[in-house]
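**Student:** The structure's right below; bear with me while I get my questions together.
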Amino acid sequence: MVEFRTAQEAAAHPVVSLLRELADTYHAFSVCESSHLRHTGLTQSQAEVIFALGKGGPQSCKELGGRALITKGTLTGILDRLERRGWITRHPSRTDRRVMIVSLSPAGQSLFESTYPDYIAVLAERAEGCTPPESRQIRQALRKLRTLFDD
């Protein structure tokens, strides 16, 4: 186990700057994403749900929360708002009545089809600054970092 004698010594450890860079990168991505999504009328979390359903089809709330990286408590409110807007439907699973299945409505599917290509185009344009080898290297490094922190 790593031990530090002082807070200053701990702050100088390379993991601090690594995680700060990761947090700053995520923040920059979020700002870019929310700026682009503003014209769609979707929040980032709502867009994550619409995109997860559009790409993956109907899903249980548990699957959807995992794919969209949204906690159960937050997901319920997001689904309520998306359902009120007519973009999703919820119904009990045929195999387990305790499980709710979330699907895109026809209007939600139309929203996905009209927003997702532009969303990915914006991200792809930003990512053009990375060569394919750089992109692979970044993915590998992020995958390794994730495994180090996975429980």
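**Student:** Out of curiosity, is Val49 on the phi < 0 side of the Ramachandran plot, of a type in the set (Val, Ile, Thr) and modelled with pLDDT under 95?
**Tutor:** It is false that Val49 is on the phi < 0 side of the Ramachandran plot, of a type in the set (Val, Ile, Thr) and modelled with pLDDT under 95.
**Student:** Continuing with the same structure: If you scan segment 96-131, which residues turn out to be assigned to a helix (DSSP H, G or I) and farther than 23 Å from Ser30 by Cα?
**Tutor:** Pro106, Ala107, Gln109, Ser110
**Student:** For segment 79-95, what are the residues that are in contact with a Gly (Cβ under 6 Å, 6 or more places away or on another chain) and part of a loop (DSSP other than H, G, I, E, B)?
**Tutor:** Within segment 79-95, Trp87 is the sole residue that qualifies.
**Student:** I'd like to check something: does segment 29-45 contain any residue that is closer than 27 Å to Ser114 by Cα, at pLDDT below 95, hydrophobic (A, V, I, L, M, F, W, C) and surrounded by fewer than 11 Cβ atoms within 10 Å (Cβ to Cβ)?
**Tutor:** yes
**Student:** Mind counting the residues in segment 124-138 that are free of Cβ contacts under 8 Å to residues at least 40 places away in the same chain and either touching a Gly at 6+ places or on another chain (Cβ under 9 Å) or surrounded by 11 or more Cβ atoms within 10 Å (Cβ to Cβ) (or both)?
**Tutor:** 7
**Student:** Now for a separate question. What are the pairs, 6+ residues apart or on separate chains, where a residue within segment 2-27 that is surrounded by 10 or more Cβ atoms within 10 Å (Cβ to Cβ) has its Cβ under 6 Å from a residue that is aromatic (Phe, Trp, Tyr) and modelled with pLDDT under 95?
**Tutor:** Every condition considered, the pairs that remain are Ala10/Phe4.
**Student:** Any idea how many residues of segment 46-71 are surrounded by 14 or more Cβ atoms within 10 Å (Cβ to Cβ) and among the basic types (Lys, Arg)?
**Tutor:** Count: 1.
**Student:** Which of the residues spanning segment 90-111 are more than 18 Å from Gly65 (Cα to Cα) and at pLDDT 95 or above?
**Tutor:** Ser105, Pro106, Ala107, Gln109, Ser110, Leu111
**Student:** So which residues in segment 19-36 are in contact with a helix residue (DSSP H, G or I) (Cβ under 9 Å, 6 or more places away or on another chain) and of a type in the set (Phe, Trp, Tyr)?
**Tutor:** Across segment 19-36, the qualifying residue is only Phe29.
**Student:** Could you list all residues from segment 31-67 that are closer than 24 Å to Val122 by Cα, outside any helix (DSSP H, G or I) and in contact with a strand residue (DSSP E or B) (Cβ under 9 Å, 6 or more places away or on another chain)?
**Tutor:** Gly57 - this is the single residue of segment 31-67 that is closer than 24 Å to Val122 by Cα, outside any helix (DSSP H, G or I) and in contact with a strand residue (DSSP E or B) (Cβ under 9 Å, 6 or more places away or on another chain).
**Student:** Ile70 passes all but one of (1) β-branched (Val, Ile, Thr); (2) free of Cβ contacts under 8 Å to residues at least 24 places away in the same chain; (3) outside any helix (DSSP H, G or I); which number fails?
**Tutor:** (2)
**Student:** Name the residues in segment 72-100 that are among the polar types (S, T, N, Q) and either at positive phi or surrounded by 10 or more Cβ atoms within 10 Å (Cβ to Cβ) (or both), would you?
**Tutor:** Hits for segment 72-100 are Thr74, Thr76, Thr89, Ser93.
**Student:** Quick check on my filter: what residues within segment 76-89 are within 21 Å of the chain's Cα centre (by Cα), within 17 Å of Gly57 (Cα to Cα) and not polar (S, T, N, Q)?
**Tutor:** Leu79, Leu82, Glu83, Trp87, Ile88
The values are calculated or read from the model by the stated rules, or taken from the named source; none is laboratory data. Since the structure is predicted, the reported quantities are computational estimates derived from the model, not experimental observations. Reconstructed Cβ throughout: ideal geometry from the backbone, glycine too, with neighbour counts over all protein chains shown.
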